[in-house]
Amino acid sequence: MNDSSGKGDVWQGTLALMILKTLEGLGPLHGYGIARRIEQTSGSRLSVKYGTLYPALLKLEQEGFVDAEWGLSENNRKARFYRLTRAGRKRLVKETRDWEHATSILARFLAPEEQES
Amino acid sequence: MRRLRALLHRLFGLVGLGRHDDDLANELESHVLMHVDDNLRAGMPPEEARRRALVELGVESVKEAMRDRRGLPSIDALLKDARFALRGLRKQPTFTFASVTALALGIGAATTIFSVIQNVLLDPYPMYADVDRIVGVQIRDLASGRPGFRDSFLPAEFLEYQNQTSSFEEVIAGALGDVVYSSGDGSEPFAVGLTSENTFTFMGVKAAIGRTLALDDARPGAPPVFVMSYKLWATRFGLDPSLVGKSFVLDGVPTTLIGVMPARVSKLGADLWRPVRLDDPAMKSRYFKLQGRLRRGVTIAQVQAEMEVIAPRVAKTHPREYPNKFGVQVVGLIDSVVGPFRKTLYTMAAAVGLLLLIACANVASMLLSRASGREKEMAIRASLGASHGALVRQLLVESLLLALLGALFGWLLSYGSIKLIVAAIPEGLIPREAVIHLNVPVLVFSLGIAALTAIVFGLVPALQTVRRDLVNPLRDSGKGTSGGYRRGGLSGALVVGEVALSLVLLASAGLLMRSFVALQAVDLGLDAENVLFAPIPLGSSQYQTAASQEQFLSQALSRVRALPGVVSATTTTGMPLFGGWRNDLELPGSSQGDAVWQAMFQLCSDDYLQTLGIRLLQGRDLTRADLAESRRVAVVNRTFVLRFLEGRDPLGRRIKVKNEAFRAGPEDVGFEIVGVMADAKNQGIREPPFPEVLVPSSVTKTVGRGLLVKTTGALPIAESVKREIWAVDRGVSVGRSRTLTEILKHWTYAEPRLGLYIFGSFAVLGLALVILGVYSVIAYNVSRQTQEIGIRMALGAERSDVLRMTLRTGLKLVVLGVVIGASSSLAATRVLANQLWNVSPRDPLTLGFVVAIVGVAGLAASYFPARRATRVDPMVVLRSE
């Protein structure tokens, strides 16, 4: 993620969290919107390929964290809208906590080294 | 719990209750559309917007999506295959080198031959308009059985044809003549095309500089003008543009050069062209070639039918110009020039096809051997999810890459070989205008050939590789025992095919060689070594009598005879070996019935027999006294005696020539036979000698004189001969002088030699490919059987047993191939019959020799891998298991 040359890919395992977070913030949204939102939020440092996005969505749907139904987009395009389920909200809270926990540990490992260099 | 739920979803999906694929496809579609919308809003042009949307989604996924939607591989996938194939080829340089070489040879040879065919047969006249509709008219003497009696007509005849036919839009007339150009340096003869003034507008060509002939230029009283060929302008006048508008002295008449024609225009093969009118009395006795452009919609068959009605009518008004039995034939422009050479070219095309097939079979069998090493790779890739289609595509892309590389090197080869072939094609066989080179149609053709070969040699191995059970190879522990038995059969069949094809090529080449040797071994009946032939046309006004011509000839002869190195010299009216002046004759006292007796007449000086090394059989030679007194005496050849005198004593008998020119007066008694000479070839070396009569050069006048000069060795005498002639008269032109051996080489040997070279080199290449093919298949077999051999040897087999066993495999293939090849070459060589001379297309000696060559080559090719098999160490093999 720290490469300066261009966009990075989404880390394995973090995409689900980003999707859930996006849906929580913006409400029901189609896949394209989710991808765009993630890219925006990352300040265009991430690019979401649909080869990774749709399998992740499908997995979330199969696990019951999101629901989906066909609707019309803002430009009157037919699109499949994803919505956070109750289980999804719970999942988001748990994942966020786990993530913060993990990163704070990692941060402690990395901090002194960064000062040295 | 969650896992269970997901699993259930998947199971439902499996039985069709979950999300459908097309649902997913719809979703992806809408994703792309929204992205495109965004891009459009950002101001991109629609195509770019869509492209970027697809690209940003990720190349991999786009590729998948496209493949799903269209069922066709995308460019990306092909590029990936190509990169992959390139990596594979780099890893196996030997294989790559061998197969690219084989393909380069095949494709290069095919490209070369096709460029000849394209530039000679298909499109030799790119600069002329409507070539397809230009035809000529030929009169054929049906009695002689030989084609091409004449295609030119006296002006009176010409006009009758022109006026009676309605099939032509426009007609042109052309005759080739000599013209003497005089300048400060001396006199030079040029070939002049006497053409109707519409010739160049008819052909649709404009002058390169200046202007071309126009209607008014031929008007009576118009100032004399001419146009020059680019070739003459370049070779003789150094491309000097200021010459246009200048005056040249042609046949003593100042004539203005009005233009230079473009480089490839060489109508009639002339150096320059002058406009003439057919109703000009000076043209009365010249023969003009008739060419017409068909009206649109008129076919050659229709003109043919029309001419068959007109020709007998014209023949009635000009009975002397037509043989008793004649036919008329309308021939297209290209056919009229290329004629029988077309067949030669087609047989060459067939030969190159065989070579290409051999190359394909070769590469195919190498691919098959290589495939066996890749069984596991294929199996792994299949089990990782590659579909059969994808694997076949991958293999085909690899073949295509090989073919393209082959084509690339093939072009380099043919770039060089075209130069060789152009140098070897004799003059006059192909249109003078034709330029043989690599051009766009040729390159497109060879790319097509490359693609085709890729499919031919690549598809079968690819299908074979993939059709097999993809799992079994993974189970096998080693390569020793598992058999691609069927594949072994297939590569064996390929070798058999290769051997058979190469045998056909070799047999053809062998026959052509035998025929060529036979041609060169022909007893000419004369000694052509170191004899120079110099044409000296005596057409100008001061040589209008036999006496004035004789005076000039005797002076020139005595000067030439005095030159150092000259053994003897004489004059003639026909080119030795190739003909003379044919006349009808009568022998008083012999009854000839209805038959027309004809002989070839040579007006010659003394020493004719000595100069050409022809033996005198009986009587005496012509003497200087005969010449000086214009005695009416003759020396005849043996054929003359045999045919007309049936063995009776010829000496003292008289020949009456049915030609005004030879008649001495009202009480002409004919020519007394004073000698008999041995037969020498006189109508080309393939034909038996024609009855021939030598008479003193002084008995009549003729334009077509020539000098024959025998020298002690190969001396560059031509220039000195020319100087001596000009020392007698500067106004006499000297044509292109060549030795008889040069003329022979050019006219007689060049075409068969071309065929021999081409077939010979194809046959050699074919044989080399076959050796390579046999070698690689046997070597592959040996490597596959290593384990078996090891076991056999461990069980007590001798090295010689192993050698025999391996050799037997190779021999079986070669023998089968030889048998098939020998029987098919018996059928195939019949195509060559018209190019063979004195050799039967089924010549057993040639076939036997060729079979021996192929057999030995095949044996040798299997011997080396077989010997390697005997070096197998049983311990090593068994342990490696």
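The values are calculated or read from the model by the stated rules, or taken from the named source; none is laboratory data. Keep in mind it's a predicted model, so treat the numbers as computed, not measured. With ideal geometry, Cβ positions are generated from the backbone for all residues, glycine too; neighbour counts draw on all protein chains shown.
Laid out as a table, the results:
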item	result
Wholly enclosed strands (runs of 3 or more DSSP E) of segment B:591-685 bearing at least 3 residues β-branched (Val, Ile, Thr), touching a Lys or Arg at 6+ places or on another chain (Cβ under 8 Å) and within 30 Å of B:Val522 (Cα to Cα)	B:671-677
Subset of segment B:587-622 [farther than 24 Å from B:Met575 by Cβ and modelled with pLDDT of 90 or more]	B:Gln618, B:Gly619, B:Arg620
Test for B:Arg10: is it within 13 Å of chain A (Cβ to nearest Cβ) and modelled with pLDDT under 85	yes
Check on A:Leu23, in a helix (DSSP H, G or I), surrounded by 17 or more Cβ atoms within 10 Å (Cβ to Cβ), facing chain B (nearest Cβ under 9 Å) and not polar (S, T, N, Q)	no
Enumeration of residues in segment B:235-250 that are surrounded by fewer than 19 Cβ atoms within 10 Å (Cβ to Cβ) and under 21 Å from B:Ser733 (Cα atoms)	B:Thr235, B:Arg236, B:Phe237, B:Ser247, B:Val249
Some residue of segment B:707-730 being exposed (fewer than 14 other Cβ atoms within 10 Å of the Cβ), in contact with a Ser or Thr (Cβ under 8 Å, 6 or more places away or on another chain) and within 19 Å of B:Gly579 (Cα to Cα)	no
Members of segment B:701-747 found to be free of Cβ contacts under 8 Å to residues at least 40 places away in the same chain and assigned to a helix (DSSP H, G or I), listed by number	B:Glu719, B:Arg723, B:Glu742, B:Lys745
Yes/no for A:Tyr82 being surrounded by 14 or more Cβ atoms within 10 Å (Cβ to Cβ), in contact (Cβ under 8 Å) with a residue 24 or more places away in the chain and not in a loop (DSSP other than H, G, I, E, B)	yes
Count of residues meeting criterion [surrounded by fewer than 17 Cβ atoms within 10 Å (Cβ to Cβ) and within 10 Å of another protein chain (Cβ to nearest Cβ)] in segment A:85-95	1
Odd one out for A:Leu53, checked against (1) within 17 Å of B:Leu24 (Cβ to Cβ); (2) in a strand (DSSP E or B)	(2)
Qualifying residue in segment B:621-635 (condition: polar (S, T, N, Q) and over 24 Å from B:Gln549 (Cα atoms))	no
Hey, A:Val66 within 14 Å of chain B (Cβ to nearest Cβ) and among the β-branched types (Val, Ile, Thr) or not	yes
Search result, residues across segment B:607-629 that are touching an Asp or Glu at 6+ places or on another chain (Cβ under 7 Å), within 20 Å of B:Lys701 (Cβ to Cβ) and surrounded by 14 or more Cβ atoms within 10 Å (Cβ to Cβ)	B:Leu622, B:Leu627
Inter-residue pairs, beta-carbon under 6 Å, first under 15 Å from B:Leu463 (Cα atoms) and in segment B:371-393, second surrounded by fewer than 17 Cβ atoms within 10 Å (Cβ to Cβ), 6+ apart	B:Ala379/B:Leu474
Search result, residues across segment B:652-675 that are small (Gly, Ala, Ser), without any contact (Cβ under 8 Å) to a residue 40 or more places away in the chain and in contact with a strand residue (DSSP E or B) (Cβ under 8 Å, 6 or more places away or on another chain)	B:Gly652
Segment B:211-227: number of residues that are crowded, with 19+ Cβ neighbours inside 10 Å and under 37 Å from the mean Cα position of the chain (by Cα)	4
Failed item, numbered, when B:Ser152 is tested on (1) more than 24 Å from the chain's Cα centre (by Cα); (2) crowded, with 16+ Cβ neighbours inside 10 Å; (3) more than 30 Å from B:Asp279 (Cβ to Cβ)	(3)
Residues that are away from chain B (no Cβ under 12 Å) and either in contact (Cβ under 8 Å) with a residue 60 or more places away in the chain or within 18 Å of B:Ala25 (Cα to Cα) (or both), drawn from segment A:37-63	A:Ala56
Residue match in segment B:857-877 (condition: under 30 Å from B:Ala351 (Cβ atoms), surrounded by fewer than 15 Cβ atoms within 10 Å (Cβ to Cβ), in contact (Cβ under 8 Å) with a residue 24 or more places away in the chain and out of contact with any helix residue (DSSP H, G or I) (no Cβ under 6 Å at 6 or more places or on another chain))	yes
B:Leu816 vs. criteria within 26 Å of B:Thr347 (Cα to Cα) and part of a helix (DSSP H, G or I)	yes
Boolean, A:Gly71 is part of a strand (DSSP E or B), closer than 24 Å to B:Asp23 by Cα and more than 8 Å from chain B (Cβ to nearest Cβ)	yes
A:Ser42 vs. criteria within 28 Å of B:Asn39 (Cβ to Cβ), surrounded by fewer than 17 Cβ atoms within 10 Å (Cβ to Cβ) and under 13 Å from the mean Cα position of the chain (by Cα)	yes
Test: B:Val695 is under 28 Å from B:Gln544 (Cα atoms) and assigned to a helix (DSSP H, G or I)	no
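Results for (1) surrounded by fewer than 19 Cβ atoms within 10 Å (Cβ to Cβ); (2) under 21 Å from B:Val227 (Cβ atoms); (3) touching a Cys at 6+ places or on another chain (Cβ under 6 Å), shown as yes or no for each residue.
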residue: B:Val253; (1), (2), (3): yes, yes, no
residue: B:Leu257; (1), (2), (3): no, yes, no
residue: B:Gly269; (1), (2), (3): yes, yes, no
residue: B:Pro275; (1), (2), (3): no, yes, no
residue: B:Asp279; (1), (2), (3): yes, no, no
residue: B:Arg293; (1), (2), (3): no, yes, no
residue: B:Gln302; (1), (2), (3): yes, no, no
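Each row is one residue, and each column tells you yes or no for (1) under 30 Å from B:Asn834 (Cβ atoms); (2) at pLDDT 85 or above; (3) assigned to a helix (DSSP H, G or I); (4) touching a Leu at 6+ places or on another chain (Cβ under 7 Å).
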residue	(1), (2), (3), (4)
B:Ala263	no, yes, no, no
B:Leu278	no, yes, no, yes
B:Gly297	no, yes, no, no
B:Ala301	yes, yes, yes, no
B:Gln304	yes, yes, yes, no
B:Arg313	no, yes, yes, no
B:Arg320	no, no, yes, no
B:Ser336	yes, no, yes, no
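The rows are residues; the columns are (1) surrounded by 13 or more Cβ atoms within 10 Å (Cβ to Cβ); (2) within 14 Å of chain A (Cβ to nearest Cβ); (3) assigned to a helix (DSSP H, G or I); (4) modelled with pLDDT under 80.
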site: B:Leu28; (1), (2), (3), (4): yes, yes, yes, yes
site: B:His35; (1), (2), (3), (4): yes, yes, yes, no
site: B:Asn39; (1), (2), (3), (4): yes, yes, yes, no
site: B:Arg69; (1), (2), (3), (4): no, no, yes, yes
site: B:Ala77; (1), (2), (3), (4): yes, no, yes, yes
